[in-house]
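Take a look at the structure below.
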Amino acid sequence: MKTPLTLLCTLLLAPLVAISAPAVSKSEPKPNIIIILADDLGPGDMSCAGATKIKTPNLDRLAGEGVRFKQGYAPSATCTPSRYSMLTGEYAWRQKVKVNSILDGDAPLCIEPGRLTLPALLHQAGYYTGVVGKWHLGLGDGKTKLDFNGEVKPGPLDIGFDYCHIIPATVDRVPSVWVENDKVPNLDPADPIIVSYINNISEEPNGLDQPDLLKQGADKQHSGTIINGISRIGYMKGGHSARFKDEELATKVVAKSVEYIENHKDEPFFLSVGLFEPHVPRVADPPFVGTSQCGVRGDVIHQVDWQVGEIMKTLDRLDLAKNTIIIFSSDNGPILFDGYYDGSVEDLNGHQPAGGLRGWKYLVFEGGCRVPFIVRWPEQIKPRVSDQMISLVDCYATLAKIAGQEFPASAAPDSLDLSPVVLGKTDKNLRDHTVLHGIGGLAIRKGDWKYIPASAGAGGMGSGANAADERFAAATIPNPMLFNLAADPNEEENIIEKNPEKAAELAKELETIKNSPIVPPQPKS
Ligand code: NG6
Ligand code: CA
């Protein structure tokens, strides 16, 4: 494992990745880039992918005007490691530091300040770079306790973003405030914020003692301080004037994204938007309440669709749509019960969030890691649906190529330049394998084959995208598994005994990738 110093030396000494023919000619203006990541959205959660109880007209339009990948992956079945991989081009499990778990709201920044991240690279390429919405990559240096009343840093601005308007972790974790450019806006110094994940430092009601105050019942883990009628993970005191309301989060994401696009319309810009839905707590804004046919989880997916639509409308209004790349995906697969009794299980009404795939968020089964993956760039991409494999970890090398920016080969060791795939210049699967990370460990998909070593599984976290199916209730993987996804897309039949050589080959390949921090040479189209 590399120390920061050896990593830095490797980065400095490593050869630059050769950017042969740029994906965009020098004379054309660089495309703007917007990555919109939903939170826990499944591949079956869009009407263009077959959902009928949920309507996603804006996502359907986006997909219809771009390429929709049916084999799109999040590198991990949880948020922090997936976002880490997207921004660094490196699988998070290569790091010893705490990026493989789920960070609390007061956890330190898990990306080294100064690292050549995707936003840092795009900044070098002349882009203005910003992030709005969910962060969940930690804040502060971890040496002193993070103080939300002062400068909340290091954070996004130290790893390549020029602007940020974020919430620290998840909506179900304290502190329930925004952070804009290292400061909590609207904070009254006479009412300072104190946060603890260990002790109940707040004199305000909590979910365990006063469940009668709750809008939604919650499990023990989510029964900390009650804020806006929802009990959260952790305890929080103070900061009343700065607290967000759940029902206003989506409007704020739209307002800040639109303002950002307007402010930077005349220069190439990169905007990373972290939507909060359909992660728990699921609280629909008034216009969306009761609009879907599968309960509140469907209603907040309508809210996802609305937010994407507002961003698309802004691009249309400013005449930027043609030369703006929008990547829409999700940080991990879907889940129904994740701590709050919000009716998502009971109201499912036959909807299939993972499109029938096995498993859910937290798990290395396809249902945990397969995600919606749409790329629209009207000037360069012909609309189509693709069966080629792609992962969020590929955003780094692919966008570097499109932006015409070189980087040291070791900077993004797991990222493949898939620009030929994205731009429809090849039918080949330039990514022929991908490593998937879940709470219990790693798995590998290569071609149609998927190998899952025995592991402790997800320790019973959450439940189902296939809640009705009892076979999928057990999250533990006591024996290794092998599936052929072409014949058995839902991973129902473990065929390891019939194919021991194939299992051994994939097990070996997984070990090789684990031990080699650099991917084989980038594939040629
Ligand atoms: C888990 C929470 C879950 C959710 C998740 C993060 C428990 C029992 N469950 O620890 O509710 O917050 O973390 O989700 O605490 S993620 O999409 O950001 O990874
Ligand atoms: Ca998530």
> Given the structure, is residue 381 part of a loop (DSSP other than H, G, I, E, B), within 16 Å of ligand 1 (Cβ to nearest atom) and either on the phi > 0 side of the Ramachandran plot or of a type outside the set (Gly, Ala, Ser) (or both)?
Replying inline: no
>> For a quick check of your reading of the model, give me the residue pairs whose first member lies in the range 305-331 and is at pLDDT 95 or above, whose second is outside any helix (DSSP H, G or I) and hydroxyl-bearing (Ser, Thr, Tyr), with beta-carbon atoms closer than 7 Å and at least 6 apart or on different chains.
In response: 305/56; 315/324
> Out of the range 321-341, which residues are open to solvent by 10 Å² or more (accessible area, probe 1.4 Å) and within 16 Å of ligand 2 (Cβ to nearest atom)?
Replying inline: 337, 338
> Can you find even one residue in the range 85-99 that is over 20 Å from residue 117 (Cβ atoms), touching a residue at least 40 places away in the same chain (Cβ under 8 Å) and away from ligand 1 (no atom under 13 Å from the Cβ)?
Replying inline: no
> Is it true that some residue in the range 95-104 is within 16 Å of residue 362 (Cα to Cα), within 14 Å of ligand 2 (Cβ to nearest atom) and open to solvent by 10 Å² or more (accessible area, probe 1.4 Å)?
Replying inline: yes
> Does the range 348-355 contain at least one residue that is within 16 Å of ligand 2 (Cβ to nearest atom) and buried (at least 24 other Cβ atoms within 10 Å of the Cβ)?
Replying inline: yes
> Is it the case that some residue within the range 227-237 is under 22 Å from residue 60 (Cβ atoms) and within 16 Å of ligand 1 (Cβ to nearest atom)?
Replying inline: no
>> Quick check on this structure: which one of 133, 140, 160 is at positive phi and in contact with a Ser or Thr (Cβ under 6 Å, 6 or more places away or on another chain)?
In response: 160
>> With the requirement that a residue be closer than 21 Å to residue 176 by Cβ and in contact with a His (Cβ under 7 Å, 6 or more places away or on another chain), what does the range 278-305 give you?
In response: 288
> Right, residue 278: in contact with a Gly (Cβ under 7 Å, 6 or more places away or on another chain), within 16 Å of ligand 2 (Cβ to nearest atom) and assigned by TED's automatic domain parsing to the domain that holds residue 167 or not?
Replying inline: no
> Consider residue 310 against the criteria (1) among the charged types (D, E, K, R); (2) buried (at least 22 other Cβ atoms within 10 Å of the Cβ); (3) touching a helix residue (DSSP H, G or I) at 6+ places or on another chain (Cβ under 8 Å): it satisfies all of them except one. Which criterion is unmet?
Replying inline: (2)
>> Looking only at the range 239-295, how many residues end up being open to solvent by less than 30 Å² (accessible area, probe 1.4 Å), assigned to a helix (DSSP H, G or I) and aliphatic (A, V, I, L, M)?
In response: 7
> Can you tell me which residue in the range 133-163 is nearest to ligand 1 (Cβ to nearest atom), limited to those that are of a type outside the set (Lys, Arg), within 17 Å of the chain's Cα centre (by Cα) and not in a loop (DSSP other than H, G, I, E, B)?
Replying inline: 133
>> With touching a residue at least 24 places away in the same chain (Cβ under 8 Å), in contact with a Ser or Thr (Cβ under 7 Å, 6 or more places away or on another chain) and under 30 Å from residue 118 (Cβ atoms) as the only criterion, which of 171, 258, 177 stands out?
In response: 258
>> Restricting to the range 224-233, name every residue that is open to solvent by less than 10 Å² (accessible area, probe 1.4 Å) and not β-branched (Val, Ile, Thr).
In response: 224, 231, 232
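Say whether the condition of being more than 16 Å from ligand 1 (Cβ to nearest atom) and in a loop (DSSP other than H, G, I, E, B) is met by at least one residue in the range 296-309.
no
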> Among the residues of the range 316-342, which ones are part of a loop (DSSP other than H, G, I, E, B) and more than 16 Å from ligand 1 (Cβ to nearest atom)?
Replying inline: 318, 319, 320, 321, 322, 323
> Limited to the range 73-91, what total is found for residues that are within 15 Å of ligand 2 (Cβ to nearest atom), within 20 Å of residue 432 (Cα to Cα) and out of contact with any Cys (no Cβ under 8 Å at 6 or more places or on another chain)?
Replying inline: 2
>> Please go through (1) touching a residue at least 24 places away in the same chain (Cβ under 8 Å); (2) of a type outside the set (Phe, Trp, Tyr); (3) more than 24 Å from residue 270 (Cβ to Cβ); (4) in a helix (DSSP H, G or I) for residue 106 and return the number of the only condition it doesn't satisfy.
In response: (4)
>> Every residue in the range 442-462 that is open to solvent by less than 20 Å² (accessible area, probe 1.4 Å) and within 16 Å of ligand 1 (Cβ to nearest atom), please.
In response: 457, 458
> Quick check: anything in the range 367-377 in contact with a Ser or Thr (Cβ under 9 Å, 6 or more places away or on another chain), in a loop (DSSP other than H, G, I, E, B) and either surrounded by fewer than 19 Cβ atoms within 10 Å (Cβ to Cβ) or hydrophobic (A, V, I, L, M, F, W, C) (or both)?
Replying inline: yes
> For the range 387-441, which residues satisfy the criterion of being open to solvent by 20 Å² or more (accessible area, probe 1.4 Å), part of a loop (DSSP other than H, G, I, E, B) and in contact with a Lys or Arg (Cβ under 8 Å, 6 or more places away or on another chain)?
Replying inline: 404, 417, 424, 432
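Each row is one residue, and each column tells you yes or no for (1) buried (at least 22 other Cβ atoms within 10 Å of the Cβ); (2) farther than 19 Å from residue 223 by Cα; (3) in contact with a helix residue (DSSP H, G or I) (Cβ under 6 Å, 6 or more places away or on another chain).
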| residue | (1), (2), (3) |
| --- | --- |
| 174 | yes, no, no |
| 181 | no, yes, no |
| 185 | no, yes, no |
| 189 | no, yes, no |
| 196 | no, no, no |
| 204 | no, no, no |
| 208 | no, no, no |
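The values are calculated or read from the model by the stated rules, or taken from the named source; none is laboratory data. None of the values given here were measured: they were computed from a predicted structure. Here Cβ is always computed from backbone atoms with ideal geometry, including for glycine, and neighbour counts include all displayed protein chains. SASA here: full protein model, heavy atoms, side chains in, ligands and nucleic acids out. Shrake-Rupley method; radii C 1.70, N 1.55, O 1.52, S 1.80 Å.
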